[in-house]
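Note sheet for the following structure.
The values are calculated or read from the model by the stated rules, or taken from the named source; none is laboratory data. Remember, predicted model here, so these are calculated numbers, not experimental data. Using ideal geometry, Cβ is built from the backbone for each residue, glycine included, and neighbour counts are taken over all protein chains shown. Note: accessible area is taken over every heavy atom of the protein model, side chains too, but ligands, DNA and RNA are not part of it. Shrake-Rupley method; radii C 1.70, N 1.55, O 1.52, S 1.80 Å.
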Amino acid sequence: MAIGFIIAIVLLMVITIAAANIYIERRLLSLWQDRRGPNRAGPWGILQVPADMIKIFLKEDWIPPFADRTVFVIAPTIVMIVTLLSFAIIPFAPGFMVVDSNIALLFFLANSSLGVYSVVLAGWASNNKYSLIGAMRGAAQMVSYEVFMGLSLMGVVMLAGGSFSMREIVESQKEMWNVIPQLPGFIIFLIAAVAESHRAPFDLPEAEGELVAGFHTEYSGIKFGMFFVGEYISITLISATIVTLYFGGWLGPAFLPPFFWFMFKTFIFIAFIILLRASLPRPRYDQFMAVGWKILLPISLINILITAAILLYKG
Amino acid sequence: MQNNSIISLLTERFGAEAIISQPTVDGIPTCWVDKSKVVDMLSFLKNEVSRPYRMLYDLTAIDERERSNRSVLPVSSDFTVVYHLTSYGRNEDIRIKVPLQGEYPTMPSITKLWANANWYEREVFDMFGIRFDGHPFLQRILMPRNWQGHPLRKEHPARATEMGPFVFTEDDRTAADEMLQFKPEEWGMSRSSDDADFLFLNLGPDHPGTHGLLRLVLQLEGEEIVDVVPDIGYHHRGAEKMGERQTWHKFIPYTDRIDYTAGVINNLAYLLTVEKMAGIEVPPRAQVIRIMLTELYRIASHLVWYGTFAQDLGQISPVFYTFNDRERVFDIISAITGGRMHANWFRIGGIAQDLPQGWQQMVADFLKHFPKSLREWDKVVMRNRIIKARTIGIGVFNTDEAIEWGATGPALRATGFEWDLRKKRPYSGYDQFEFDIPTGRNGDCYDRARVRVEEMWQSLRIIEQCMRRMPEGPYKSTHPLATPPLKERTMYDIETLINHFLGVSWGPVIPEGEAMIQIEAAKGSNAYYLISDNNTSAYRCRIRTPSFAHIQMVPYISRGYTIADLLAILGAVDFVLADLDR
């Protein structure tokens, strides 16, 4: 009973935040780009998102005749499912989480690996050359960046006494947030996580100036909407994960409840990821892969070695 | 005489009977040569003569059959093919004309001599039906493949009302679709190499990265570009044909729409030539106002480029910043002219009206504000490491290649060659101003960007000098052909009244002759080659635009790079589709 209630709350909350992200992103982008942004639907344009949703639900649900129908329909659901599943292991506050598992972090990594199927299948099923190139880029990018993402997290696990439980990782940060001893790990995780969710500036599978819309070129209506919302859910997921792993999760001064601190920190990261999109150009595909394998991989390995050495030395 | 020295060299080499020289208004040595000798002569001019004519600046044709007075031509000709060569060493041009007889003549191709002759010859074939023997791919370039007739021939109708109602049946649609199918074999491309099948990717005509209706077909191996085939003509509006139909005065608004980001710069290119033919001296105040507006438009054009260049590289914000400042430029322009992008403000012999009160303050405010923006964008765009990684060493060409392909403007200067027509052939009073010519070193995308950013600083310097030293005096010439003539004096003397009446009702009659004046437009060298047969409209109006030459070069500088690089290259080329197709 209690777990069902928490699941319902978490799902509702996550989807609301994802929808709010659309509005927040558009307003923040317009603020940084010296323009007004959506301001017509409702006060300060807050009804823009409901209006967009009504539009996207009512649009013709069109499947191109040359596409592989079954796969074409399945692809966008995958990204929604795996990102939502990942929220099962996020501790929002003490006692407020769906599952306190001892393999939580592995579950998160496994889900993010599955996300690549969404991109690859969408690109393949669309039977469009732009989609195909986008999907190929997406597959290579996500498979590579998973490696560093996993490795960069090992330092955090070590600091938590070898635990993969998110709750224990948060509790291990009572003295000091992980971001201080694990700064290189944090930076690599941040880059890898943005790459995993293929957000700008690492939106190479979409790359609107080059590949039109990349893997989802042929999608429209609610199926496009799933990719779209899936992207915002994964921004929320990344931000929540970063906060949990590196910024002490719900920990914060006692004058405000832990849940507030968690949300506050998460929103800062959401805004930061939006700022990344507003400010950075897109690297070229091969450059991006080269940076991953030649710079980020060695750093994450060295980070593990040094962390382990210090922990062993301290005993 | 300096001007005729090249003619005497040619006479020495090919014999006096082979060359018939023709006087022109612009003083460019012009000679008529038989088609059997023209390839040798062009080859001599390009490769053998000292300080050679390395650039094929323009290649076009004239349908001479309906000239009101054909006896002015030194040689009888039905169609004349015109080669316009430029020598940077001499800072001189030469025009070679080839008379052709008959309805659908042929002549030898010079594609082996100049790489950029390819598109120009296709254009002449498309527009006039003149065939070039030895051309590798003589197909229509601007018109659809199934077009009937050749538009710039005099018998081809210029108005829709002369053409009968337009019908587009289902069969026509199928045929049109079929026509757009890309068949690699036609272009001599194979579908596979020894170890891979190529992917043919159709980029455009509607694509976010092509800035308009440009279609490029990419031959890809993985993401690497093996070859590119540009397919142009989607933006063709027949501006040259309209130039032969509208009066000299009424054609001015059409020029605004050639390079539509650069407004009155187009007016200037056209009017300098018209004024040369009419023998009009433009008063100093009008000249300085023209320069000021030209430089404001240069900034406006470069700002469009700056934002979209960053956008092409995936940076989404700078385009809003640059367009905001472009609006500041347009505020000044609209206060002066009432228009924004298509100001249509210059007139034969001057400008349309004097400057409004308070213009100094607006210009001064802009001069104060804009350097801050430029410095900020330098940090955001030009010094960004990812931008550098995306553009340095990409799309490289050197000075020789630039000249071979007819690249001008910032693209030429980015190769390290200091050449700016405003300095080298000062027109419209540019010699009165102090400014530098920014150059690059490597001729890559980054250097082309760098040069344009520096040009905006130089334009600011020029505008500042215009503001400080704006001369007093009339804003339009009192020459009888200045159009429309100054109204104030019409009620006081009969001559002005007559001129006013004729100039406004018929339009001015420009005396017989031909001229072409190159100017440094925002995107490169732009020129109008105008021929008058003593009439109220041009007999032939040829528009030489920089984008045409630059886009022709794109396949050459894109091979071996990736799709992402191609977009960086296109972004750094800075082209406008209307300027490409006209």
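Here segment A:164-208 is scanned for amide nitrogen atoms under 16 Å from the site 7 Å beyond the Cα of B:LEU199 along Cα-to-Cβ, giving A:204-208. Separation of the alpha carbons by more than 28 angstrom is noted, of B:LYS250/B:LYS276; B:LYS35/B:LYS276; B:LYS97/B:LYS241; A:LYS129/B:LYS523; B:LYS379/B:LYS523; B:LYS368/B:LYS476, for B:LYS35/B:LYS276; A:LYS129/B:LYS523; B:LYS368/B:LYS476. The separation of segment B:324-340 from segment A:64-94, counted between C-alpha centres, amounts to 49 Å.
Taking the Cα centre of segment B:5-154 as origin and charging only Cβ (+1 Lys, Arg; -1 Asp, Glu), how large is the dipole, in debye to the nearest 20? Around 240 debye, computed over segment B:5-154.
Across A:ALA207, A:ALA122, A:ALA41, mean-square fluctuation computed from a Gaussian network of chain A (C-alpha pairs under 10 Å connected) peaks at A:ALA41.
Within chain B, antiparallel bridges make up roughly 90 percent of the DSSP beta bridges whose residues both belong there.
Find the relative contact order for chain B and round it to a whole percent, using C-alpha pairs within less than 8 Å whose residues are 6+ positions apart.
Here the relative contact order equals 16 percent.
Compared with the dominant Cα axis of chain A, that is its longest principal axis, helix A:48-58 is turned about 60°. Take the Cα of B:GLU327, go 7 Å toward its beta carbon, and the backbone nitrogen atoms of segment B:286-319 under 15 Å from that spot belong to B:304, B:318-319. Counting only residues at least eight positions apart within a chain, or on another chain, the lysines with an alpha carbon under 23 Å from that of A:LYS174 are A:LYS265, A:LYS314. Normalising the average separation of contacting C-alpha pairs (under 8 angstrom, six or more residues apart) by the number of residues puts the relative contact order of segment B:305-383 at 24 percent.
Excluding ligands, DNA and RNA, the accessible surface per residue across the protein assembly as shown is 40 Å² with a 1.4 Å probe. With a simple spin-label model that places each label point 7 Å from the Cα along the Cα-to-Cβ direction, the separation between B:SER505 and B:PHE137 comes to 5.4 nm.
Please give the length that would be gained between A:LEU106 and A:LEU256 if that part of the chain were fully extended, namely 0.36 nm times their separation in residues minus their C-alpha to C-alpha distance (nm, one decimal).
Contour length minus the Cα-Cα distance gives 50.9 nm.
Over chain B, dividing the summed -39,500 (n - 2.57) contributions of all DSSP H runs of at least 4 residues by the number of residues returns a 222 nm mean residue ellipticity of -11500 deg cm²/dmol.
Checking every one of the GluC sites (Glu not before Pro) in segment B:394-497 against DSSP loop status and a limit of 10 other Cβ atoms within 10 Å picks out B:GLU434, B:GLU472.
How far apart, in nanometres, would the label points at A:ARG36 and A:LYS55 be if each is projected 7 angstrom from Cα along the Cα-to-Cβ direction? Inter-label distance under the simple model: 1.6 nm. Listed by chain and number, the aspartates and glutamates whose C-alpha is less than 12 Å from the C-alpha of A:LYS59, apart from same-chain residues fewer than 8 away, amount to an empty set.
Within 10 Å of each candidate Cβ there may be at most 15 other Cβ atoms; applying that plus a DSSP loop requirement, which trypsin sites (Lys or Arg not before Pro) in segment A:49-108 survive?
On the way: sites: A:LYS55, A:LYS59, A:ARG69; in loops: A:LYS59.
For trypsin sites (Lys or Arg not before Pro) across segment A:49-108 that sit outside H, G, I, E and B with at most 15 neighbouring Cβ atoms in 10 Å, the list reads A:LYS59.
Okay, which of segment A:38-53 sit inside 13 Å, backbone N to the point 7 Å along the Cα-Cβ direction of A:LEU12? Within reach of a label on A:LEU12, which here means backbone N under 13 Å from a point 7 Å along Cα→Cβ, segment A:38-53 contributes nothing.
In summary, the aspartates and glutamates within cross-link reach of B:LYS154, defined as a Cα separation below 17 angstrom excluding same-chain residues under 8 places away, comprise B:ASP63, B:GLU64, B:GLU66, B:ASP78, B:GLU103, B:GLU123, B:ASP126, B:GLU162, B:GLU240, B:GLU244, B:ASP533.
Between B:ARG469 and B:LYS424, full extension at 0.36 nm per residue minus the direct alpha carbon distance yields a gain of 14.0 nm.
Once the Cα-Cα distance is subtracted from the 0.36 nm per residue extended length, the B:GLN432 to B:GLN357 segment shows a gain of 24.5 nm.
The chymotrypsin sites (Phe, Trp or Tyr not before Pro) of segment A:211-294 that meet both conditions, a loop assignment by DSSP and at most 14 other Cβ atoms within 10 Å of the site Cβ, are A:PHE255.
State the antiparallel share, in %, of DSSP beta bridges confined to segment B:5-154, rounding to the nearest 5. Antiparallel: roughly 75 percent of the beta bridges in segment B:5-154.
Taking a Cβ cut-off of under 14 Å around B:GLY416, the surrounding Lys, Arg, Asp and Glu residues balance to a net charge of -3, with basic ones at +1 and acidic ones at -1. Note on the protein assembly as shown: antiparallel DSSP beta bridges, both residues inside, total approximately 90 percent of the bridges counted. The modelled label-to-label distance for the pair A:VAL99/B:ARG237, using points 7 Å beyond Cα in the direction of Cβ, is 6.3 nm.
Sequence-distant contacts, meaning Cα pairs under 8 Å at least 6 residues apart, place the relative contact order of segment B:27-186 at 19 percent.
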